[in-house]
Structures are given as structure tokens and as C-alpha cells.
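Before any comments, here is the structure.
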Amino acid sequence: MTRWALLLEYDGRPFVGWQRQINGLSIQQVLEQAASHLNAGRPVASVVAGRTDAGVHAEGQVAHIDLPNCRDARTIRDALNFHMKPHPIVVLDAVAVAQDWNARCSANRRAYRFRILNRRSRPTLMAGHVWHVPNPLDDVVMHQAAQRLLGRHDFTSFRAASCQAKSPIRTLDHLNVTRHGDIIEMAAEARSFLHHQVRNLAGTLKLVGEGRWPIERVTAALEARNRAAAGPTAPPEGLALISVGYEDNPFGDPPEIRD
């Protein structure tokens, strides 16, 4: 058997999320069903770097699967893409890796981007891929508030109530807010994130950008270690998993977020 690392891109809107569920179609199900065609119809299990929620997109998701030793990387990529039609999921690259390489456990960095469309008019071309906020937002104070969250902290205030992580302690390496015309982007990078952490950060920083919260309240919310102290959970459509880092990245190292 050969272990294949897969670099994936997908539109999360039609799915219940990455993980298989009984209430709808998941990205995992589509990938594993496609992979079974390359394994004589037998089931193929996948492991993923980050289990994205319903409606969340990916530009650089990473998963791995094991398949018989009879195909090259180009064939694996193209065959999986053929069998995943017409679903909005594609394999961008497939690379053979060592048997002990693990898409989830070997990862040492994950980068997410959250986009807000900040204009009065609703989105058309970007519908389903941005959070539409019609009222003006101050991206400068949003970025200033974001810097108060950097470093190693107890992020209980920014984790979902259903989060299954054993510890709320995480190290947030980068959290940058920038404006590009009508688009405000929040870029977050850490070794790992808690469930809904990025969306809860976005929802909180929006309150700052609207002038409803002073910057100091973000620090108070963090120190409260209470979900009720932070802002609302931003909708999933603005969120995308941009890249996953590895010590020896089979796809080459993606660019890091810079201040």
C-alpha cells in the first residue's frame, strides 16, 4: 500500500462539514467514495488535517489515504477528481509519503482566513464566501484589538460549548486584520485551533470594528474564560482553511502570515 498526501480545495456550502454525519453529505464521504473506486470498491479511510464545519471552505486542506501500489501521483489526482464530480471538491496535488506520515498528527501549523464584505450592497459574485456586514467597520482598531489575543492563552471565551478539546490552552501566532477595498480580511495562524475559535474571534472583532466594544473589552473577554463574555459566532461562509504546515511539507511550504 502507498500512503498518499492530498492537497484539497472545496466549497463547503453543499456539505454538513468534513466529517461523516447521518444528516447529510460530508466532504469526507465524497472523498472516500471516490477513493474506493481506486481500491476495487473496498472502503478507504481518510485522515484530515482540520475537520471544517458545515459551510466552511478550504483552499489548502490536507488529507491522507492508503491505496494499492499500482498508480502514479497524476493518476491518483485525476482519478479522484473524476469520481468526485459534480461535487465542488478537487484534489490539487497528490504526493506519496512515508507510512508514518499523518495529515493531522504531523501538522505543525494551520492558517485560516475570514472575509467580511463591508459595504451596503449585498454580495453577488462572492455570495456564500463572505460575511456581509453593511455598517462601516474600522479595520485599524480591529487589528489593534486582535494583537491583544496573540500568544499562549486560555481561550475558553472563544471556544464552542461543544468543543471536545482536552485543553482550552492554545498559542495564537498571528491574527491580522487588513482591508482591501470593501473586503476586510482576518488572517489567523496557530499550531491548532479550538472548535469555532476563529469564527468567535471574528464575531468579537466585528463588535470592536462597529464601535460597540472598546479595545480593552477584548482583553477582558479573554481573561474572563467564559464563552458568554466574548462576541457572537460569525457565520461559516466567511471562513476558509488556507494552508496546513508540516516540518517536511510534501507540497512545499506555503507562505506564512506576516504582520
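The values are calculated or read from the model by the stated rules, or taken from the named source; none is laboratory data. Owing to the predicted nature of the structure, the values given are computational and were not obtained by experimental measurement. Cβ coordinates were reconstructed from backbone atoms using ideal geometry, including for glycine residues, and neighbour counts include every protein chain displayed. Surface areas here come from the heavy atoms of the whole protein model, side chains and all, with no ligands, DNA or RNA. Shrake-Rupley method; radii C 1.70, N 1.55, O 1.52, S 1.80 Å.
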Which residues qualify? For Glu210, with a placed amide H closer than 5 Å and at least 5 residues away or on another chain, they are Asp138
From the backbone phi of segment 226-231, what are the Karplus-calculated ³J(HN,Hα) couplings (6.51 cos²θ - 1.76 cosθ + 1.60, θ = phi - 60°) in whole Hz, Gly and Pro given as x?
8, 4, 5, 7, 9, x
Just to be sure I follow: if Rg is taken over the C-alpha atoms of segment 1-139 and Rh is the Kirkwood radius over the same atoms, what is Rg/Rh?
1.04
Förster radius 35 Å - calculated FRET efficiency between Arg51 and Ala229, Cβ distance, rounded to 0.05
0.85
Residue by residue through segment 161-167, which ³J(HN,Hα) values in whole Hz follow from phi under the Karplus form 6.51 cos²θ - 1.76 cosθ + 1.60 (θ = phi - 60°), with glycine and proline marked x?
4, 8, 4, 9, 4, 5, 10
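Counting pairwise Cα distances across segment 71-133, what percent come out greater than 17 angstrom? Let's see the in-between values first.
Values: 1299 of 1953 pairs.
Above the 17 Å cut-off, segment 71-133 has 67 percent of its Cα pairs.
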With the 1.4 Å probe rolled over protein heavy atoms, the chain has an accessible area per residue in Å² of 47 Å²
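Please give the peptides 203-215, 83-95 ranked by average Cβ packing (other Cβ atoms within 10 Å per residue), highest first, as a rough proxy for protection.
Numbers: 203-215: 19.5, 83-95: 16.9.
Going from most to least packed, we get 203-215, 83-95.
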Let's see if you can work this out: charge +1 on each Lys and Arg Cβ, -1 on each Asp and Glu Cβ, no other charges. What is the dipole magnitude of segment 94-175 about its Cα centre, in debye to the nearest 20?
160 debye
Give me the percent of accessible area attributable to carbon and sulfur for the chain, probe 1.4 angstrom.
49 percent
Enumerate the amide H contacts of His132 below 5 Å, restricted to partners 5 or more residues apart or on another chain; note that Pro and chain-start residues carry no placed amide H.
Leu117
How would you rank 141-149, 224-232, highest first, on the average number of other Cβ atoms within 10 Å across their residues?
141-149, 224-232
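Rank by packing, highest mean first: peptides 52-63, 124-135, 169-180, with packing defined as the count of other Cβ atoms within 10 Å averaged across residues. Don't jump to the answer; show the numbers that get you there.
On the way: 52-63: 22.4, 124-135: 14.0, 169-180: 17.0.
Ranked from most to least packed, the peptides come out as 52-63, 169-180, 124-135.
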Overall dimensions of segment 1-60 by Cα: Rg and Dmax, Å
11.7, 33
Measuring from centroid to centroid over Cα atoms, what is the spacing of segment 77-109 and segment 146-171 in Å?
29 Å
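If you wrap a convex hull around the C-alpha atoms of segment 179-259 and split its volume per residue, what is the figure in Å³?
Working: hull volume 11.3 nm³, N = 81.
With only Cα atoms used, segment 179-259 gives 139 Å³ per residue.
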Placing one equal point scatterer on each C-alpha of segment 158-220 and summing with Debye, one gets log10 I(q)/I(0) at q = 0.20, 0.24 Å⁻¹ equal to -0.89, -1.15
Counting alpha carbon pairs within less than 8 Å and at least 6 residues apart, what relative contact order, in whole percent, applies to the chain?
23 percent
Honestly segment 107-259 on the Cα gyration tensor test (a ≥ b ≥ c root eigenvalues; a/c under 1.5 rounded, otherwise a/b vs b/c for prolate or oblate) is just oblate
Name the long-range amide H neighbours of Arg109: under 5 Å, sequence gap of 5 or more, or other chain; modelled H, no Pro or chain starts.
Gly245
Tell me, what ³J(HN,Hα) does each residue in segment 55-63 have, in order and in whole Hz, if you take phi through Karplus 6.51 cos²θ - 1.76 cosθ + 1.60 with θ = phi - 60° and put x for Gly and Pro?
x, 8, 9, 8, 10, x, 5, 10, 9
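How long is the gain from Leu25 to Met126 if the chain were fully straight, where each residue apart is worth 0.36 nm and the alpha carbon distance is subtracted?
On the way: separation 101, 0.36 × 101 = 36.36 nm, distance 2.32 nm.
Full-extension gain reported as 34.0 nm.
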Cα atoms only, the chain: Rg and Dmax in Å?
19.1, 60
